[in-house]
Each structure stands twice: as C-alpha cells, then as structure tokens.
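What follows is a short report on a single structure.
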C-alpha cells in the first residue's frame with residue numbers, strides 16, 4: 001500500500017509570501033528571470049504583499065515567508081537558492 005501512496009500522493013505546495021518593498025529593494029534585473037522560472041513551477045504558490053510589517057528586517061536583507069517561516073539571506077541570489085532547497089526538500093517528504 002505504501003508504494004501506491006507514494007506514486008499517487010499529492011505534491012505538497014510551497015507557499016511563499018514576499019514583501020513588495022523588499023523585492024524592489026533587493027531584486028535585480030539580472031536575477032528576476034531566475035525568480036520567475038522558480039515561482040512559475042506547479043508546486044510553488046506565491047503572493048506579493050505591499051507590506052508585511054517587518055520593516056527592520058526588510059531594510060536589512062532579502063527575505064520571504066515560506067509556509068509561515070521567515071527565511072532571510074545575504075543576497076537575493078542566496079535567497080533564491082534557499083527557496084529552491086526548501087522546495088526540493090518539500091518534494092521529497
């Protein structure tokens with residue numbers, strides 16, 4: 001039965017929330033296409049908010065809220081890599 005469950009189990013979606021101001025501050029034209037490719041995958045759901053009331057964090061570094069957990073990074077490229085790792089981990093579970 002476990003084999004049947006593994007084959008037909010629903011893929012767990014990753015919910016990612018972004019602050020629009022944070023994206024404007026840290027996302028560049030160079031890495032924007034990489035974010036678009038990642039976010040357009042079927043197992044990714046994302047939403048941009050005009051503000052998430054995390055102003056101190058927003059000024060310091062790129063961040064996203066993934067399934068309710070705040071994820072930060074030193075750069076937007078690093079944040080994308082962390083998001084990709086979380087997505088890959090979520091697919092394996």
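Table for the structure above
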{"item": "Region 37-78: C-alpha pair distances exceeding 15 Å, %", "result": "50 percent"}
{"item": "Isotropic mean projected area of the C-alpha convex hull, region 13-92 (nm²)", "result": "4.7 nm²"}
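Laboratory data are not the source of any read-out in this text; all were calculated from the coordinates shown. Keep in mind the model is a prediction, meaning the values are calculated, not measured.
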